[in-house]
Each structure stands twice: as C-alpha cells, then as structure tokens.
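Data block below; observations after.
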C-alpha cells in the first residue's frame, strides 16, 4: 500500500483539469506552500485527509482506505462568479469521472468518490479572492 | 418464518423518536469534542432545531475574548454535557437541523480560509485539526456518533 499512489488518484486529475483551463490554474496540494506570485492570483488548493485504513472482521482486518477530499478554487474578487464556476465545474467533472463502471487495472490503486457537497461560493474578507469549494468522501483500494 | 419488525421491536416508532433525539445530542457532543475551543463561546453555541430550519446568528455585539497563545485546554466528559444545547422533542419524526450561532462559524469550521484566529488549524495554539468539521461530517466521526446513539436506544426496546 502506498498512500502517495492513493493521493495521486484524486490529486492528479484535479491538477490536470485546472491546468487545461485557459488561462491555466496552478494547483497546490497538502504541505505545498502557495508561491508568493500566486497568492494574489488565481490558484487552487487540494487537501486530502485520510479517515480510516482498515475494517474489523471476525478474522484479520481488511483494508478499506477512506477519507475526505477538499478542493478550493480562488478566482479574482469583484469579477462575478463565472470564472470560479468554470474552475470548480472542471474539478467536479473530473472527480465524477473517477466513478466509472469500466474495469479497473488488476494492479496499482484505484478509487471512487462519494457525494460531492457544494460547490459553495464566498467572497473572502481578508484576501483578494472569490472562492468556490467542494468536498467529498472517497474510498480507495490498493491492489499489489 | 420471518417476523414482522413490529414484533422484534414492539414500539418501533417510539424507539426511532428517542433514537434520533439521542443521536442529535451525540452528534453535538462530537462537534464539541472535535471542534476548536478558544474562549468557550463557539463550543457553547451549537443549536439544535426541529425539522429543516435555519440556524440563527448572534448579534454583532457578541464577540469572542482574547486567548493566551499557550492555552490548549478543551472540555471533556461532563464538562461537554454542560455546553450542550436543549434538544427539542421529535414527536413527529421531523429530524433536526444542527448549526453554530457564532458569526465567525465559517472560519472556526475551516470552511473559509483566514490568517486570523486559528488560521485554519495552522495556528500554534489551535485546538482542533485542520478541516476538522468536513472530516467529522464527511468522514466517519458523525456517522459513528449517530450509530452509537441509535444502537444504545434500540437495545432498550
């Protein structure tokens, strides 16, 4: 089991989806400081918290990796909601595509997401940003 | 032969009413346990209202107090019980709306980023983990609190 590969299931598509927008949006994950050059511009934050790894049974514990994913997109304040909506829609679409019925590979990691809560929008008081955010639970499996 | 559920639990509706009421209280206990404890105002400001409802917000004159940078104490056990709001009865199985009445709840619950106060859990004297609310609500914390209360009540019937 590698936690990094499980993070990648969720973080990589979000980063790619935001990078594909025009103009591109820089995305920061856990423990990555936002560059000073980006702190006043458009950017996005992805945070992933693990909430459990195993499930008890009558026998040995079985693996059941789960957690919560939070994505916050920061667009320019006082410019209307369109850009923030565009950013968060790209994120929601790409995350929703993870819940495919296609067969997954027989090795490596794969995961799905639960109900997406949001998007919620807020004009931030102490920053030059208008924020759109979503959160969802996830479940992942690592096949060795 | 399968028995009707009413024979397994004689008064299923009564059990459900009591269970939901106990679960609401247990969910608030979890919110206080997991949430930040700065000057006590936020922890004592959870509101439980019957049915789908909005949560009232305090007036502008209710403000939190300053706190020492080294203060880390949080209420536990019985001290939490004294912070619980009244839980209305659930006679018609309306369910509950749970919310916090402080004006700064969005920041305290890490739903809005800020460089003030607990700074999204990054402050040196933060008393709750970053993203504590979303982790509690969407992770398993809240579900466990609900199930625990329901199981306890249904065992009595």
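The values are calculated or read from the model by the stated rules, or taken from the named source; none is laboratory data. Remember, it's a predicted structure, so these values are computed and weren't measured experimentally. Here Cβ is always computed from backbone atoms with ideal geometry, including for glycine, and neighbour counts include all displayed protein chains.
Right, residue B:137: more than 9 Å from every other protein chain (Cβ to nearest Cβ), assigned to a helix (DSSP H, G or I) and buried (at least 18 other Cβ atoms within 10 Å of the Cβ) or not? In short, no. The number of residues in the range B:35-46 being out of contact with any strand residue (DSSP E or B) (no Cβ under 8 Å at 6 or more places or on another chain) and surrounded by 19 or more Cβ atoms within 10 Å (Cβ to Cβ) comes to 5. Of everything in the range A:118-144 that is over 18 Å from residue A:3 (Cβ atoms) and assigned to a loop (DSSP other than H, G, I, E, B), the residue that is farthest from the other protein chains (Cβ to nearest Cβ) is A:128. Looking only at the range B:118-134, residues that are within 11 Å of chain A (Cβ to nearest Cβ), in a loop (DSSP other than H, G, I, E, B) and touching a residue at least 24 places away in the same chain (Cβ under 8 Å) come to 1 in all.
Can residue A:52 be described as away from chain B (no Cβ under 14 Å) and in a strand (DSSP E or B)? No, not satisfied.
Against the criterion of being within 11 Å of another protein chain (Cβ to nearest Cβ), free of Cβ contacts under 8 Å to residues at least 60 places away in the same chain and under 15 Å from the mean Cα position of the chain (by Cα), residue A:115 qualifies.
Restricting to the range B:105-117, name every residue that is assigned to a loop (DSSP other than H, G, I, E, B) and at pLDDT 90 or above. Hits for the range B:105-117 are B:109, B:110, B:111, B:112, B:113. Every condition in (1) touching a strand residue (DSSP E or B) at 6+ places or on another chain (Cβ under 6 Å); (2) over 17 Å from residue A:24 (Cα atoms); (3) modelled with pLDDT of 90 or more; (4) away from chain B (no Cβ under 14 Å) holds for residue A:88 except the one numbered (2).
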